[in-house]
Amino acid sequence: MGETTARTPDVTRLLAAWSAGRQEALDQLLPAVYGELRRMARGQLAGARRRHTFQPTDLVHEAFIRLVDQRAPWQSRVHFFGIAATCMRRVLGDYARRRKALKRPQIDKDVEIDQIERGADPAIDRMIAIDEALERLSRTNARQARVAELKLFANLEIAEIAALLGVSAATVKRDWQDAKPILRDILAEQPRDAR
């Protein structure tokens, strides 16, 4: 992941202790992961800031609440940040859907997955579309959808995704390359009145 997590070697130990029911581990975990979670949140909110009231701190707190509710058997730091990315995606998706409850967002049909990957296009309206596209892709290829989610929302490296999913780096690269055009096609299929 980033430099922040590289300097926190105790995250995996804290996750294991928290999974074992030690509340003090959770109290120590948040400060250990907070910087990386804020970096992820800033990346997701960078292009959409003028369109909503979310701040990175708000997104981190909402996502962390959902993470605490997971009570998952955490495998590693990468596993934790992968789940955190899913939680952030769902928080933003839920928020955007509430805002657009009566009218679906207008999405350009030529959404560039590569731009979103670089953090250049994370507007809330587009995040709804990406969220729905990932959900649809997961029905036909769950691993490709998970790879895309981890690239787009957690900004994980190929090797980190491979370790998290228990597959080779070549498989992750292939899944990512295959997922991008599928996601583009799904986004382009959305009728204008459904967007």
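Derivation of every value follows stated rules applied to the coordinates shown; laboratory data play no part. As the structure is a computational prediction, the values presented were derived from the model and not from experiment. Every residue, glycine as well, gets a Cβ built from its backbone with ideal geometry; the counts of neighbours run over all protein chains shown.
Ordering VAL147, VAL68 by the number of other Cβ atoms within 10 Å of each residue's own Cβ, fewest first, gives VAL68, VAL147.
Residue exposure proxy: THR12, THR86, ordered by other Cβ atoms within 10 angstrom of their Cβ from fewest to most, comes out as THR12, THR86.
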